[in-house]
Amino acid sequence: MFKWRTASLIYEDSTYGAGITPELVYTFQGYNTRITDSLGLPIDATESYLDTLLYYLKENSTRVFIVHMLPDLAARVFHRASVANMMSDGYVWIATAGIGSAVDSLGPDKFDDMQGVVTFRSYVPATDRVMNFTVRFKERFLLENSGIRDVPNPSAPLLWAYDTAWSLAAAINKYSVSSSTPGRTLLGAVLNTTFDGLAGRFRLVNGQLQLSTYEVINIIGKSARTVGFWTPESGIFKNLKATNEKGIKQILWPGDLAIAPRGWSMSSTGRPLRIAVPSRHGFNQLVEVSYSLRTNTSFVTGYCIDVFDVLMKSLPYPVAYQYVPSTNNGSYENLLSLVFEKKADVMVGDTTISMSRMNKVAFTMPFTDTGLSMIVVLKKDSSRSMWIFLQPLTSTLWITSLAFFFLTGFVVWAIEHRINPEFHGTPWQQFGIIFYFAFSTLVFSHKEKLESNLSRFVVIIWVFVVLILTSSYTASLTSMLTVQRLQPTVTSVQDLLRNGDRVGYQSDSTVKYWLEEMGFHKKDLLGYVTVEEYAEALQRGSGNGGVSAIVDEVPYLKIFLSKYCEGYTMVGPTYKLGGFGFAFQIGSPMVHDVSQAIVTPAVQQEMARIERKWFGDPGACESKSDGINSSRLSFSNFGGLFLITGITSSLALLISLRAYVVSLI
């Protein structure tokens, strides 16, 4: 209903207070709400003790507090919270039924300290029995306490007490209990007693009174207003009418707010979020910190910065933040420690998500491609196959072309052999004519003279198809013979391990750990910082002080290829890693909101635009490397032509057969 994902629990450190805590925490987990703090208060807690605890809670981001304690201690807690200005805008206070049931007996000063509190109390229908009891109770009370004029209505606990006394009397009467009856027998008789009491159906389960309906009340002014009802079967609904409309009525929260608070605060002091940004050398497309000596200010730019700015603008609430660049080139682990120690609120940069880091900070979902791959050098392919003349056409196109050669020859023979002497002869001679005539169309030389206009029309269409087919074949073969073909020097990690080649990685990254896990020796691993160093090491090669491959996360490799597209390629399988994420303090509700924003279509479109801005067109390099393969011709390139000649040949054959049948009649 309110989508609060964190809350702090304040309970009385006693049997009454601590008994419910485990079950309460478990229940909240079922609703995807985490209890960030669970603090027990001694019954005799001093004001100083309460102030210290409340100051601690105020410094945290969570603004939803659940209070479970007896009314006397609760009244003192709310008073000190009011003094600490924690009963104001943005705060949410929810009290359990132990406090709500005693609301009617509170004094005016206590009401002042509890403005906006939401609590519960058992629902007691205003039946005639209850009204009669209330009148008799007040009369009896005034008779015995003549000095008191303003007598409140009986509270729910008072009605429970009356029903409990009634159950004891009913048990004694029903089971004929006497002074000599053992106490255990009397207890059993009470537990088995069930009746309709003043407060509702009286029934004990495991010694506890079972209540079916609770009122949800909101403390406003000098009274408590009912804003809804709750039952175990139906949950929360607005009223007890037959419709049972789901939801809750308007609540006035602390500070007289009619809109439900967000439930957390980005900063306890109202200051902007402190965004730690790494200052690094190399791969400045991701994040770069620059300084102006004239103004003595710093500027942060890069892909990660632009993505974070877009995400902050897409949130349903305003977020004030300022970037705080690292001034001493501190490691990423040191910056994450700042977030863990709450010296920074967020870390924005090319921060890889890992299990060890998740113990210190809370990551959003990845906002980049996830995975580990490698870049290798492309070498010239000098080998030429003796069967290269077959490569311009795919096998499907070769087979289809041969089939149509024979089909065309057969159709021409079928039309001509009855009327044209040049198509007569023995069966073998006629088969040779079919084969020879069809393939002679490649060079357009036919010694046989065609007599039928149908066969001439078939041959004209077929010659047109052959012209296009041979021209395309010639162009494709010429391209394959003249264009230089490139092949990767290494195709997999296994090749590197088998050859004992050296491998490069990005210094101060987690990639080195993964390479060692794959089986590489430390002596074969060389760290680099910039894309220029990557290119230089790859050009030297493993045998000349360089490396045979660079293994890194996909975003870094994309940056490399955006600058060094020709002569390099990304090969091998992509090993899944965590990807880049934004690091928040553990328990920050913003993690969920930012992760949700990342997957929205509007933000995805903006992120694609930002990626093109910093990395270029992601398909540009692939299109160059795929140029050779694209020169091969397939059946789909000529499907239309084959359809035309097939229909033409079929119609000519059918017309010829019909004419032959008519001539026989």
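All of A170, A165 fail the test of being assigned to a helix (DSSP H, G or I), within 28 Å of I99 (Cβ to Cβ) and not charged (D, E, K, R), apart from A165.
Screening the stretch 26-44 for residues that are more than 28 Å from K3 (Cα to Cα) and in contact with a strand residue (DSSP E or B) (Cβ under 9 Å, 6 or more places away or on another chain) and picking the one that is surrounded by the fewest Cβ atoms within 10 Å (Cβ to Cβ) gives P42.
Does L515 count as among the hydrophobic types (A, V, I, L, M, F, W, C), farther than 27 Å from S595 by Cβ and outside the structural domain of L336 (by TED's automatic domain parsing)? Taking the combined requirement at face value, the residue satisfies it.
Exactly one residue out of S265, S178 is free of Cβ contacts under 8 Å to residues at least 12 places away in the same chain, of a type in the set (S, T, N, Q) and either outside the structural domain of S326 (by TED's automatic domain parsing) or within 30 Å of V339 (Cα to Cα) (or both), and it is S178. Scanning the stretch 328-365 for residues that are of a type in the set (A, V, I, L, M) and part of a loop (DSSP other than H, G, I, E, B) turns up A344, V348, I353, V361, M365.
Inside the stretch 179-228, residues that are of a type in the set (S, T, N, Q), part of a strand (DSSP E or B) and surrounded by 14 or more Cβ atoms within 10 Å (Cβ to Cβ) make up a count of 2.
For the stretch 336-363, which positions are touching a residue at least 60 places away in the same chain (Cβ under 8 Å) and among the hydrophobic types (A, V, I, L, M, F, W, C)? Result: L336, L338, V339, F340, A344, V346, M347, V348, I353, V361, A362, F363. Out of the residues in the stretch 32-47 meeting the condition of being touching a Lys or Arg at 6+ places or on another chain (Cβ under 7 Å) and polar (S, T, N, Q), tell me which one is modelled with the lowest pLDDT. Here the answer is N32. The numbered conditions (1) of a type in the set (A, V, I, L, M); (2) in contact with a helix residue (DSSP H, G or I) (Cβ under 9 Å, 6 or more places away or on another chain); (3) assigned to a loop (DSSP other than H, G, I, E, B) are all true for V377 except (3). Take the conditions surrounded by fewer than 16 Cβ atoms within 10 Å (Cβ to Cβ), within 30 Å of S265 (Cβ to Cβ) and modelled with pLDDT of 90 or more and apply them to A583. Does it pass? No: the conditions fail for A583. Can you find a residue that is assigned to a helix (DSSP H, G or I) and among the acidic types (D, E) anywhere in the stretch 111-134? Within the stretch 111-134, one or more residues are assigned to a helix (DSSP H, G or I) and among the acidic types (D, E).
Based on this model, can you work out whether S88 counts as more than 29 Å from the chain's Cα centre (by Cα) and part of a helix (DSSP H, G or I)? So S88 fails the test. Please determine whether any residue of the stretch 583-592 is touching an Asp or Glu at 6+ places or on another chain (Cβ under 9 Å) and over 30 Å from M347 (Cα atoms). No, the conditions are met nowhere in the stretch 583-592.
Here is a yes/no grid of residues against (1) buried (at least 20 other Cβ atoms within 10 Å of the Cβ); (2) modelled with pLDDT under 90; (3) under 18 Å from T352 (Cβ atoms):
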position: D524; (1), (2), (3): no, no, no
position: Q539; (1), (2), (3): no, no, no
position: V551; (1), (2), (3): yes, no, yes
position: Y556; (1), (2), (3): yes, no, yes
position: S562; (1), (2), (3): no, yes, no
position: Y575; (1), (2), (3): no, yes, yes
position: G578; (1), (2), (3): no, yes, yes
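Taking D369, is it in a loop (DSSP other than H, G, I, E, B), touching a residue at least 40 places away in the same chain (Cβ under 8 Å), under 30 Å from C565 (Cα atoms) and touching a Phe, Trp or Tyr at 6+ places or on another chain (Cβ under 6 Å)? No, not satisfied.
S82 meets the conditions (1) out of contact with any Gly (no Cβ under 9 Å at 6 or more places or on another chain); (2) of a type outside the set (D, E); (3) over 21 Å from I217 (Cβ atoms); (4) not in a strand (DSSP E or B) in every case but one. The failed one is (3).
Against the test of being at pLDDT 80 or above and closer than 28 Å to V67 by Cβ, the options D109, D150, D163 yield a single qualifying residue, D163.
Each residue in the stretch 98-139 was checked for being surrounded by fewer than 18 Cβ atoms within 10 Å (Cβ to Cβ) and touching a Ser or Thr at 6+ places or on another chain (Cβ under 7 Å), and 2 pass.
The values are calculated or read from the model by the stated rules, or taken from the named source; none is laboratory data. All figures in this text were calculated on a predicted structure; none of them were measured in a lab. Cβ sites come from the backbone with ideal geometry, for glycine too, and all protein chains shown count toward neighbours.
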